[in-house]
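Working notes for the structure below.
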Amino acid sequence: MLRVDGLHAHYGRAHILHGVSLDVAQGEVVCLLGRNGAGKSTTMKAIMGVVPPSAGQVLLDGKDLAGRASFEIARAGIGYVPEDRRIFAELTVEENLEVGRRAAPAGSQGWNPERAYTLFPVLAEMRRRPGGRMSGGEQQMLTIARTLMGNPRLLLLDEPSEGLAPVVVERMAEAILALKREGLSILLSEQNLAFANAVADRACLIETGQLRHTASMAALMADDEVRARYLSV
Amino acid sequence: MDSLIVQALNGLASASSLFLVAAGLTVIFGVSRIVNFAHGSLYMLGAYLGWTLTSHGPLAELGGFFGFWGGVLLAALATGLIGAAIEFLLLRRIYRAPELFQLLATFAVVLVVQDIALLIWGPQDLLGPRAPLLRGATEILGLRFPRYELFLICVGPVMLGLLWLLFHRTRFGILLRAATQDREMVAALGVDQRRLFTSVFALGSALAGLAGALQLPREAVNLHMDMAVIVEAFVIVVIGGLGSLGGAFLAALLIGELHAFGILVFPRITLVLAFLVMAAVLVLRPHGLLGRKPSGLLPAAVPSPPLPRAPRWLVQAGAVALVLLVVLPPFLGDYALSVMADMAMMVLFAASLHLIMGPGGMASFGHAAYFGAGAYGAALLAKHFAAPMEVGLVFAPFAAGIVGLVFGWFCVRLSGVYSAMLTLAFAQIAWSTAFQWVEVTGGDNGILGVWPSEWARGKLVFWYLALALCGLGVVLLRRLLYAPFGMALRAQRDSPLRAEAIGIDTLRVRWVGFAIAAAAAGMAGALFAYGKGSVFPSFLGIPRSVDALVMVLLGGVQTVLGPLLGAVAYSGLQEQLVRISDLWRLVLGVAILALVLFFPGGLAGALRRREDDRA
Ligand SMILES: Nc1ncnc2c1ncn2[C@@H]1O[C@H](COP(=O)(O)OP(=O)(O)O)[C@@H](O)[C@H]1O
Ligand SMILES: [Mg+2]
């Protein structure tokens, strides 16, 4: 479904991604793992066109999206949930969802606010509340719901568990599994290994902007040496 | 008592049209982050188009209710289309350019529109038709009050309501509010920003056009409407808080009433009042009445490259140029000499502004205040104390420097657009003082007879004097940049927090930098006064501040050489254009646009790029 090939990216003159390649199959949940500063977020931004990639391909169902504007990439079917959430603080929950809304492709069951509220029931209780007056967990749910409103086929989730209370992290994992059951493909980035293990099928380990190792989640959990090399701090 | 009520209603009526203009400006700024200098021009176009539509052609023949109101609405729509075209053809290409470059581009549009309006509608005032159904007056509490004014009073709140509905009840409005907070995220959610920007320009421009057309029954249409209204609109937007419609409404009421009552109470300082209120509001509430601190999502300023040392060939070229400037003049005529002397002063003026804008990282929209302070300082000494030129030239930088210390104390405390607006406000206060305090400054007639001393009367000697003093000023400014003070100035610009951490008092550094720049501008101003033999309020006017901005931006903010090139190019171009063509504004505007589009790094940037390519 998604195939990233030899992706390079820069911030100004700093060369951050050095040819990242990975793929995500239809309905698969792939987790990017790596230490802080490894390049997980940058990979997602480069796929999304938020940081324009300087070389490489981003193929969605065979169509190359690298170099396109991010709104075009969103319209092609990739949804992006940034790690800093970027809720529109002065817009209400309903209005935040409205910004993300786009008509569903013909024949598919589209997302609407009601459906988002069944996935995250807390949001239903605060439809009129400005995004700036929500807790971190609530904002995380809202930002995912907002992206879902665009009916993406592939979801990029950047550290969805970061900074959340353990109960909320559990709820978040359940929500992601629910989305997976519906057939959504997900590329997730995490530093929380337990969380990744709970939701992902496969792991891609990234270090200094390069992909070092790929394995099924189960294999990674069994391989102490690889985990120590790429993940321990 | 009665006249007070009439006056209050008058103020409300003015407030409505001010609100429409300011609303357009603030909405455009909110989404695009562009401070649209040309917004006043769109207001003026709305008025002219309204005049044409209601007095010529099919609508005028139709006449009556539909003739007039149809004309007004069509004028608003047409202005909206023009605004969209400006966005589409010009601004879209420079969204990534630095803020001030965008400002320069919109200022070029002001120049172009000025001359186009002059070509189409001519220089004379045009009187619009009366509004059908709203002619005559109505009695309120036994007072006769013009119906059209009453109607206008209602327009403001009604438009505020309509805009509120638009922003809260339509998808378009919600997207606009979202984009005001975080454009990049809106794009990542699949919204085509370009369409959003074009439509927001259309909306804002249509509001300006409507305001202009609605003025038709109240006042004559003329070519000065653009600058007059844009300054007021800036003041209102800043008082209300950038991006806040409710704030703009409150501020429009405040300013409308202030004008209405100011005339009764302080007829001498009405012009100053609005700006004093703005300065007071900004000091008490740095983000305006209802404005919020811009969220941290704005892209941080691009870190500027370190100041380059001049390459060897440049030093050599400079030396050659200097020799030529000393050796050639005896062979030149008086006209050339006085043009060159003016250029030298402009170079110092631009270099002084550059200190604030480049290394200082602040913006000044009102640098003419210090130029004028120097000029008036020297002229007042000459007029009231018969002081000779030598005394005036020594005194002027101090006078300007003190003005800079006073104004700067406020300006350096704010940041970004707010600080820039405050500098504009102070410059207007200075201008109003010169204009209205007739006993001391001579008002509009200025001060005449500010001649150089006997020995410097000859054009050649005066040229050498100007060259020496301006050259000295520029060299001192340049040395300052590489001295510890200059490093502190750049450090506080690039990272205020880190600068504080290593013990730099950032406020103080900026304040001192501001005052030094003011003193240098004052020297240029005093020389200018002696060169012309007189001073006028226009020395402190907005156009002169804009000249300085254009010179610096044209040359490029990031180099030391830039402003010098910009000053020579701009003042030379202007001088020549005024001589050869009545349409110098049009030509100049188009030239600036071409520069903005093709040399976004300024003249010096273009030179350096060639250097890089060769290396
Ligand atoms: N906006 C930015 N400007 C410059 N460098 C950045 C920026 N964002 C991230 N970086 C750098 O890029 C590298 C990768 O960062 P990131 O992709 O955010 O890592 P991760 O998400 O894996 O923690 C880091 O070294 C970081 O310092
Ligand atoms: Mg990250």
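Numbers for the structure displayed
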| quantity | calculated |
| --- | --- |
| Estimated buried accessible area (total), pair B and A, 1.4 Å, Å² to nearest 100 | 2000 Å² |
| Choice from A:Leu60, A:Leu154, A:Leu193 with maximal GNM fluctuation in chain A (Cα, 10 Å cutoff) | A:Leu193 |
| Value of D in µm² per second that Stokes-Einstein yields for the protein assembly as shown, Kirkwood Rh from Cα pairs, at 4 °C (1.567 mPa s) | 43 µm²/s |
| Sequence-distant residues sharing a close amide H with A:Ala55 (under 5 Å, placed H) | A:His8 |
| For residues of A:79-85, the mean tally of beta carbons on other chains within 10 Å | 2 |
| Sites B:Leu134 and B:Arg171, calculated FRET efficiency, Cβ-Cβ separation with R0 35 Å, nearest 0.05 | 0.50 |
| Rg over Rh, two decimals, chain B (C-alpha only, Kirkwood Rh) | 0.98 |
| Crossing angle, helix B:416-436 versus chain B [Cα axis fit, 0-90 degrees, rounded to tens] | 90 degrees |
| Degrees separating the helix B:245-265 axis from the principal Cα axis of chain B, which is the longest one | 80 degrees |
| Choice from A:Ser161, A:Ser216, A:Ser135 showing the highest fluctuation, given a GNM over chain A with Cα pairs closer than 10 Å | A:Ser135 |
| Residues whose placed amide H lies under 5 Å from that of A:Leu211, excluding near-sequence neighbours | A:Ser21 |
| Ranked by how many other beta carbons lie within 10 Å on average, peptides B:142-151, B:245-254 from highest | B:245-254, B:142-151 |
| Chain B - percent relative contact order, Cα under 8 Å, separation 6 or more | 19 percent |
| Length gained when the stretch B:Arg92-B:Leu460 is fully extended (0.36 nm per residue, less Cα-Cα span) | 127.7 nm |
| Estimated FRET transfer efficiency when R0 is 45 angstrom, pair A:His15-B:Asp125 (beta carbons, to 0.05) | 0.15 |
| Exercise: per-residue mean of other protein chain Cβ atoms within 10 Å, A:145-158 | 1 |
| Protein-protein interface of segment B:147-179, residues with accessible area decrease of at least 50 Å², isolated chain reference, 1.4 Å probe | B:Arg171, B:Ile174, B:Arg177 |
| Radius ratio Rg over Rh of segment B:2-284, counting only Cα atoms, Kirkwood formula for Rh | 0.97 |
| Accessible area of the protein assembly as shown divided out per residue, in Å², using a probe of 1.4 angstrom | 42 Å² |
| Chain A: Rg to Rh, with Rh as the Kirkwood radius over Cα pairs | 0.95 |
| Helix-only mean residue ellipticity at 222 nm for the protein assembly as shown, each DSSP H run of n ≥ 4 adding -39500 (n - 2.57), per residue, nearest 500 | -20500 deg cm²/dmol |
| Per-residue mean of C-beta atoms belonging to partner chains within 10 Å, peptide B:189-198 | 6 |
| Segment B:2-284: relative contact order in percent, alpha carbon pairs under 8 Å with at least 6 residues between | 41 percent |
| Share of carbon and sulfur in the accessible heavy-atom surface of the protein assembly as shown [1.4 Å probe, %] | 64 percent |
| Theoretical FRET efficiency, 1/(1+(r/R0)^6), r = Cβ-Cβ of B:Leu472 and B:Asn445, R0 30 Å, to 0.05 | 0.35 |
| In nm, spacing of pseudo-spin labels at B:Leu143 and B:Asp494 (7 Å Cα→C-beta vector) | 6.1 nm |
| Within segment A:122-143, backbone nitrogen closer than 16 Å to the virtual label 7 Å beyond the Cα of A:Ala165 toward Cβ | A:122-123, A:134-141 |
| For segment B:1-95: relative contact order, % (alpha-carbon pairs under 8 angstrom, 6 or more apart) | 19 percent |
| Rounded to 10°, Cα long-axis angle of helix B:171-181 versus longest principal axis of chain B | 30 degrees |
| Pairs of alpha carbons in segment B:348-564 whose separation is greater than 32 Å (percent) | 15 percent |
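The values are calculated or read from the model by the stated rules, or taken from the named source; none is laboratory data. Quick caveat: nothing in here was measured; it's all calculated off a predicted structure. With ideal geometry, Cβ positions are generated from the backbone for all residues, glycine too; neighbour counts draw on all protein chains shown. Protein only, heavy atoms only, side chains kept; ligands, DNA and RNA dropped before computing areas. Shrake-Rupley method; radii C 1.70, N 1.55, O 1.52, S 1.80 Å.
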